[in-house]
Every structure is written in structure tokens, then in C-alpha cells.
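Below: the structure, in C-alpha cells.
The values are calculated or read from the model by the stated rules, or taken from the named source; none is laboratory data. Just so it is clear, the structure is predicted and the values come from calculations on it, not from any experiment. FYI the Cβ positions are ideal-geometry reconstructions off the backbone, even for glycines, and counts take in every protein chain you see. All accessible areas refer to the heavy atoms of the entire protein, side chains included, with ligands and DNA or RNA removed. Shrake-Rupley method; radii C 1.70, N 1.55, O 1.52, S 1.80 Å.
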Amino acid sequence: MKNILLACGSGIATSTIVHKKIADILDENGFAGKYKITQCKVSEAPAKSSDYDFLVATTMPPQNLKCDFVSGICFLTGVNTQPAIDQILALMNK
């Protein structure tokens, strides 16, 4: 079971949109039931990060993270999403 932290500025708006997109990608690639996604404010991410396998954020990477980071901005813009998808799938297989 992978624990994924998902962060945006407020922990509500954009992270909710990205949550659905990431869940769909993971389910389509055979990871259904093998992950848990938790949303938070990006300001909370460093303190929470030690309990997670990786962070996907719709912001710049926060400092002092204790887990891997994936930029989720592409899931909002719809531009150049494949590198982020590849990175997420690689982290799921880690």
C-alpha cells in the first residue's frame, strides 16, 4: 500500500481535481486498492511527508520534504503530463 500526499495552496480546490486524475491513472495501470491519497495544504506537506511515499503538489516543491516529489501542475494545465505519469508509476513500483 502506497501512501500518497497531494498538496495545493488550500488543500481543497486544485488538489481535488488532481486527486481524481491521479486515481484514474493508478486504477488504469493496475494499482486499484494499492494506494491511499491524502490531501493537504502545501504548507503542511513538509511536516507530514515522513509518513508518505511521495508528494504530488500543484505548487513549487516545498522545502524540507522527507519523501519524493512529483510536480502536479501539468494535471491542471493538461500539458506534458506523461513525464509526471511516468514518475508516479515508477514510484508506485518502487
Accessible surface of the range 21-94 [probe 1.4 Å, protein heavy atoms]: carbon and sulfur percent: 50 percent
Where Cα atoms sit under 19 Å apart: lysine pairs in the range 1-75 separated by 8 or more or lying on different chains: 16
Among (1) 21; (2) 42; (3) 37, the entry that matches percent of Cα pairs over 21 Å apart as calculated here: (1)
Relative contact order, percent, the chain [alpha-carbon distance under 8 Å, six or more residues apart]: 32 percent
Residue-by-residue Karplus 3J(HN,Hα) for the range 45-56, coefficients 6.51, -1.76, 1.60, Hz, glycine and proline x: 4, x, 5, 8, 4, 5, 8, 10, 6, 7, 10, 10
Whole-Hz couplings from phi, Karplus 6.51/-1.76/1.60, listed for the range 3-16; x for Gly and Pro: 9, 10, 9, 10, 10, 9, x, 9, x, 10, 5, 5, 5, 5
Extreme residue, positive dipole direction of the chain, given options THR16, TYR35, ALA47 (C-beta unit charges): ALA47
For PHE69, residues with placed amide H under 5 Å, excluding near neighbours: LEU55
Per residue, in Å², the accessible surface of the range 6-76 once ligands and nucleic acids are set aside, probe 1.4 Å: 51 Å²
